[in-house]
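A.B. asks: Next up is a structure, given as structure tokens.
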Amino acid sequence: MKKNLGFSSFEFYFVISVIGLIMIFGIQRYYKLAEETQQLSFEVLAQNFSASVYSHHARWLLAQQSSNITSQLIIENNIVQFSRQGWPIAVVTEGSSVKPNEIASCLSLWNNFLQNPPAISAGDNSSEVRKYHLATTREGKCRFEFLTPDAGTFFFEYSPESGQVKTQIRPIAKNS
């Protein structure tokens, strides 16, 4: 008696269909996880920025206790300018100054307060809009945005006058 060791065409198509369905659900789940990871990454950036702001404010407070009131300090080989209340306004180079509430001052904070900061586009008429975008608000706040095509815009704002870092991030939806 001869044994048939191959698959019938029905079995073959059935197995291929099941594999296809598994792949469809797997790819959908992968994209959802990738989106959630990007949102979480931006939340971490916002928390790191906030921690750096408060760290610099603490250094300013310590400097005020040991000397007269100063509007700038040299911290880690950077000249950091402070508001009257001691909140970081900008990081400048020797001999230059940056006005508060300008794109350049916000950009200097982004580049110096975050370790290996992601590339960011700046201003309203930027020729290249990246995943991260920087703008200033009418109230003089630095607004750091994370632009996503599907989920909209997430942002955090930093007010150099009050030191407040406010985040606007959509909560990550739980999967059912």
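The values are calculated or read from the model by the stated rules, or taken from the named source; none is laboratory data. What you see is a predicted model; the values in this text were computed from it and never measured. Cβ coordinates were reconstructed from backbone atoms using ideal geometry, including for glycine residues, and neighbour counts include every protein chain displayed.
A.B. asks: Tell me the residue from ALA63, ALA46, ALA58 that is surrounded by 15 or more Cβ atoms within 10 Å (Cβ to Cβ) and modelled with pLDDT of 90 or more, please. Break it down into steps so the answer makes sense when it comes.
C.D. replies: Numbers: ALA63 fails: modelled with pLDDT of 90 or more; ALA58 fails: surrounded by 15 or more Cβ atoms within 10 Å (Cβ to Cβ).
Being surrounded by 15 or more Cβ atoms within 10 Å (Cβ to Cβ) and modelled with pLDDT of 90 or more holds for just one of ALA63, ALA46, ALA58, which is ALA46.
A.B. asks: With respect to ASN77, determine if the residue is loosely packed, with under 11 Cβ neighbours inside 10 Å and closer than 25 Å to ASN116 by Cβ. Break it down into steps so the answer makes sense when it comes.
C.D. replies: Values: loosely packed, with under 11 Cβ neighbours inside 10 Å: yes; closer than 25 Å to ASN116 by Cβ: yes.
Considered against the rule, which asks whether it is loosely packed, with under 11 Cβ neighbours inside 10 Å and closer than 25 Å to ASN116 by Cβ, ASN77 comes out as yes.
A.B. asks: With the condition kept exactly as written, say whether any residue in the range 132-151 is at pLDDT 70 or above, under 18 Å from HIS56 (Cα atoms) and buried (at least 19 other Cβ atoms within 10 Å of the Cβ).
C.D. replies: Yes, the conditions are met somewhere in the range 132-151.
A.B. asks: Report yes if ILE89 is at pLDDT 85 or above, more than 19 Å from ASN48 (Cα to Cα) and in contact with a Ser or Thr (Cβ under 7 Å, 6 or more places away or on another chain), otherwise no.
C.D. replies: No, not satisfied.
A.B. asks: Another question about this same structure. Tell me whether the range 21-38 contains one or more residues that are of a type in the set (Phe, Trp, Tyr), at pLDDT 90 or above and farther than 24 Å from GLY140 by Cα. Show your work before the answer.
C.D. replies: Looking only at the range 21-38, we keep the residues that are of a type in the set (Phe, Trp, Tyr), and these are 25, 30-31.
Filter again for at pLDDT 90 or above, leaving 25, 30.
When the remaining residues are screened for being farther than 24 Å from GLY140 by Cα, the result is 25, 30.
Yes.
A.B. asks: Additional query: Out of curiosity, is GLU128 modelled with pLDDT of 70 or more and of a type in the set (D, E, K, R)?
C.D. replies: So GLU128 fails the test.
A.B. asks: Next up: In the range 3-15, what residues are surrounded by 10 or more Cβ atoms within 10 Å (Cβ to Cβ) and part of a helix (DSSP H, G or I)? Give the derivation first.
C.D. replies: We begin by selecting, within the range 3-15, every residue surrounded by 10 or more Cβ atoms within 10 Å (Cβ to Cβ); these are 7, 11-15.
Once the filter is applied, which keeps residues that are surrounded by 10 or more Cβ atoms within 10 Å (Cβ to Cβ) and part of a helix (DSSP H, G or I), the range 3-15 yields GLU11, PHE12, TYR13, PHE14, VAL15.
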